[in-house]
Amino acid sequence: MFPGMKKLLLLLLLVLPLIITTSGGKMTAWAQEDEVEGEEDDLSDDEVNVDDGTGAEIDTAEGGEEEEEEEEEATAKGSPDADTVILFTKPVGSGTELPAGKLVEFLVGFTNNGDKDFILDAIDASFRYPMDFNFYIQNFTAIPYNRAVKPRQEATVMYSFYPAEAFAARPLGLTVNLAYHDADGNAFLEAVFNQTVSIVELDEGMDGETFFLYVFMLAFSVLLLVAGHHFLSSFGHRKGGKKVVVEMGTTKRDDVDYDWLPKEVLNEIKKTPRQSPRQRKVNRDASSK
Amino acid sequence: MKVLSYLILALAFVGCVLSEGEGEERARLLAAKRVHNLYLVEGRDIVVQYSVHNVGQAAAINVQLTDAGFSTEDFDIAGGQLQVKFDRIAPNANVSHTVVVKPKKYGYFNFTAAEVSYQPSEDSAEIQIGYTSEPGEGGIIAFRDYDRKFSPHVFDWLIFALLMIPALLVPYMMWYNIKSKYATVPRGKKGRSD
C-alpha cells in the first residue's frame, strides 16, 4: 500500500510542476483577469478601453479598483498602451507612511508602448476618506506638465506636496491621478497611486513649541523669584517702619527720623544751632555776596 | 510521508516562482531633475541635480544622461558635466549627478527635461530613451536686484556713518564746552562749605 502510494506521490511531484510551468503564466493571468471582469460587471458601464494583455499586471489591477471610484468624475481610464509606475523619493519607501508637515515627493514614470504619441497633461493628488474614497478631505494642486511622449519612449514627472500637520496619526486615502491624452484626442485618467496611507508625526528632539515652552517656564520662574524678593524685602521694611509711623505732631522736635541722612550731614546739623529758615536765607545771601 | 508532503509544497512553490518569472526582466529608469536654488541669480551658481532610480528588475546598462537644456550662450558651466555616462545601474539602486551652472543673463528661463538613454537589460540591443522630470520655468533675477536685497551694504553704511558725524559731533561739542566751563569748581569743597 505504502510503496505504491509513494510512487504515486512522486509521479504527482513531477507532473504538477510541469503542468504549472507549461501553462502557469496563463493560469495566473486568468485568475486576475477574472477579477477585473467581475468589477466591470459590477460597474456595468460604458467602458471602451478595456484592459487586454496588460490586465495581468498588478498595477492595472489596482487601477481597475480605482476606476470604480473615479467613475462619476471621469469615464476615461488608463490606456492599454501606457505603462505607469510611481516611486516615492521623499520619504523613500512604498509611500504608505508619510510625514506630517514635511515635503512628500514622488516620481511618476510613463512609458509609451503604443505607436502614437501621448501627451501628459497633469497630475493631481487628493486625500480621501479611507472608508469612502468618494469623500474628499483635501485636494492638492493639479500640476500641468504638457509633455509629449513619443512611441517607445518614456518620461518622468515629479510631484510634491505637504500633508498638513493636522492629519498627523491618521489614515487617509491618497489618490494620485495622471491625466493624459493620445494623439487622437482620447483622454485618459489613470490612478497611479490609490492606497490608504498613514500620516505619521516625526518626533524631533527640539521643535519650536517645546523650545518656547522652556523659555516661558524660565521667564516665569525668574518672575516668581523677583516677585518673591520684592515681597520679602518690602515686608521686612514695613516691620521696621511701622514703629516710626506714629504721628506725634510737632510737639516732640527730637523725634524726627534722621536715619536716611548721611553722617556728615547729621554732624553738620548737630554743630549748627537751629535757626528759622528766614534767617538762614539771609545768611546764605550774605555769604554769596 | 511528512517529508514527501514538504517536498510537494517545495516543488509547487518552485513551479509557481518559475511561472511567475516568465516575463522578460527589464530595467525601468525614473529620472528626476531638480534645481536646488531658491533664488536664481544672474552670474551666480545654480545647482542642478539629476537622480536616476532603477525601479525595474534588471540592471540598466550604459546609461547616458544628456542635458541639452543649458546652452552655452545662456549659461556657463561652473562645475560638472552636462553629459554623463553610468555603466550600470543595478535594480532598486539610484545614482545622482550634479551640475553647477551660471546664467549669463537674467529673465525667465524654461528648465527642460534631460534625456536618458539606456539598454534595459544585459542582453538587449535596443536602446530605451527616457526623459527626466522638468523643473519648469524659473525667473532668473538680475544680479543688481539680488544685490540690493541681500548684500551687506558696507559702502552704504559707511556713507551713512560719514553723514551722521556732524549731526552727532556738533551737539557733543556744545555740551562739552558747557561741561568744561563748570567742571573747574571742585565739587567736594562746595558740599562742605554749604
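Descriptive notes on the structure:
- Among the residues of segment B:113-157, those that are touching a residue at least 60 places away in the same chain (Cβ under 8 Å), away from every other protein chain (no Cβ under 14 Å) and under 21 Å from B:PHE75 (Cα atoms) comprise B:GLY138, B:GLY139, B:ILE140, B:ILE141, B:ALA142, B:PHE143, B:TYR146.
Every residue, every condition in (1) within 14 Å of another protein chain (Cβ to nearest Cβ); (2) without any contact (Cβ under 8 Å) to a residue 40 or more places away in the chain; (3) surrounded by 15 or more Cβ atoms within 10 Å (Cβ to Cβ), yes or no:
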residue	(1), (2), (3)
B:VAL48	yes, no, yes
B:VAL55	yes, yes, yes
B:ASN62	no, no, no
B:THR72	no, yes, no
B:LYS85	no, yes, no
B:ILE89	yes, no, yes
B:ASN92	yes, yes, no
B:VAL95	yes, no, yes
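- Filter result for B:ASN92 (more than 16 Å from B:GLY139 (Cβ to Cβ) and not β-branched (Val, Ile, Thr)): yes
- Contacts under 7 angstrom Cβ, first residue in segment A:90-105 being assigned to a loop (DSSP other than H, G, I, E, B), partner β-branched (Val, Ile, Thr) and surrounded by 13 or more Cβ atoms within 10 Å (Cβ to Cβ), 6 or more apart: A:GLY95/A:VAL197; A:THR96/A:VAL197; A:ALA100/A:ILE199; A:ALA100/A:VAL200
- Across segment A:124-170, the number of residues qualifying as of a type in the set (Asp, Glu) and without any contact (Cβ under 8 Å) to a residue 24 or more places away in the chain comes to 1.
- Check on A:PHE188, more than 14 Å from chain B (Cβ to nearest Cβ) and free of Cβ contacts under 8 Å to residues at least 24 places away in the same chain: no
- For segment B:80-112, a residue qualifies if it is closer than 13 Å to B:THR66 by Cβ, touching a Phe, Trp or Tyr at 6+ places or on another chain (Cβ under 7 Å) and of a type in the set (A, V, I, L, M, F, W, C), and exactly one does: B:LEU82.
Readers should treat all values here as calculations from the given coordinates under stated rules, not as data from a laboratory. Small disclaimer: the values here were computed from a predicted structure and weren't measured. A quick note on method: Cβ atoms are made from the backbone with ideal geometry, for glycine too, and the neighbour counts reach across all protein chains shown.
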